[in-house]
1. Select from Asn23, Asn41, Asn233 the residue whose mean-square fluctuation is largest in a Gaussian network model of the chain (Cα-Cα springs shorter than 10 Å).
2. Less than 21 Å apart at the alpha-carbon level, and either on another chain or at least 8 residues along: which lysines does that give for Lys65?
3. From the mean inverse distance of alpha carbon pairs (Kirkwood) and the Cα radius of gyration, derive Rg over Rh for the chain.
4. Can you tell which of Asp63, Asp82, Asp43 shows the greatest fluctuation in a Gaussian network model of the chain with Cα springs below 10 Å?
5. Specify the residue with the greatest mean-square fluctuation among Gly187, Gly83, Gly145, computed from a Gaussian network of the chain linking alpha-carbon atoms under 10 Å apart.
6. Report, in debye and to the nearest 20, how large the dipole of segment 183-262 comes out about its Cα centre when Lys and Arg carry +1 and Asp and Glu carry -1 on their Cβ.
7. Give a quick list of chymotrypsin sites (Phe, Trp or Tyr not before Pro) in segment 163-262 that DSSP marks as loop, anything other than H, G, I, E or B, with at most 12 other Cβ atoms within 10 Å.
8. Just from its helices, what would the mean residue ellipticity at 222 nm be for the chain, if runs of 4 or more DSSP H residues each count -39500 (n - 2.57) and the sum is divided by every residue, rounded to the nearest 500 deg cm²/dmol?
Amino acid sequence: MTVRVEKQGRVWTVIHSRPEAKNAMDPASAAALEEAFVAFNADAEAAVAVLWGEGGAFCAGFDLKHAARGSSLEVLAFPEDDGAPPRGPMGPTRLELDKPVIAAVAGPAVAGGFEIALWCDLRVMEQSAYFGVYCRRWGVPLIDGGTVRLPRIVGRGRALDLVLTGRKVTAEEALRIDLCEQVVPDGESRRRAEALAREIARFPQGCMRADRRSVYRQEGLPLREAMRYEWANGLPALEAEGVAGAARFASGKGRGGNFSDI
């Protein structure tokens, strides 16, 4: 099995393991990875997932040795109607989850592997890890959300720089241009990503997920329409969790910005 899941309380760590190929993606792994995240999203006890590549590489992209055999991608085409699309070539990249995923990035996250990292909500990179549109060299386009998510994260100009040149992006630069949220010592990405996941999993989940939905939903909307959605989306969480949370604060919890006593 190239994909397995390890669970620690409400945190799932989804592990992709093809170390002999630097975790390059083949169709079987892509299908297994999507299945793992569908199961994560459906599990009422699961709160946050970490995606980690075993063996020192996050993902070196789609397995070009497999692609060179001429496999057809027609079965992965978007439907003509508004029905749910099939999985992406890299697996879960077309899923719209209701829960956060954190990428724990060691070594290369390039080409399609870069697109998987961009699909995640947060990215924790090791000091020697790197991103890059390395498929630029071989005439392989970004077809798993890379040209959509990258400019939304770093802006059009920087996105075009990375897309057109295909150059290597070090962890230091990634942090500077908001491509990642943390840079950690080598060998620490999984542990640090899981610690971050546990912290997020502590919070009232309905409220956290509502705010997360609103952050994604507002993209491209006029200000008033985005704020209207934020209001309607947030009210159920406020009623379900906010009143009780306010009562805990009134009783003395969490004073002075204390996050440990909530």
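Throughout, read-outs are computed from the coordinates displayed, never taken from laboratory work. All values reported here derive from a predicted model rather than from experimental measurement. Using ideal geometry, Cβ is built from the backbone for each residue, glycine included, and neighbour counts are taken over all protein chains shown.
1. Asn233
2. Lys22
3. Values: Rg = 19.2 Å, Rh = 19.5 Å.
Dividing the radius of gyration by the Kirkwood radius yields 0.98.
4. In the Gaussian network model the winner is Asp82.
5. Gly83
6. Values: 14 positive and 11 negative charges, 23 e Å.
Using Cβ point charges on Lys, Arg, Asp and Glu, segment 183-262 gives about 120 debye.
7. Working: sites: Tyr216, Tyr229, Trp231, Phe249, Phe259; in loops: Phe259.
Taking segment 163-262 and a limit of 12 other Cβ atoms within 10 Å, the loop chymotrypsin sites (Phe, Trp or Tyr not before Pro) found are Phe259.
8. Numbers: 10 runs with 102 residues, N = 262.
Result for the chain, helices only: -11500 deg cm²/dmol.
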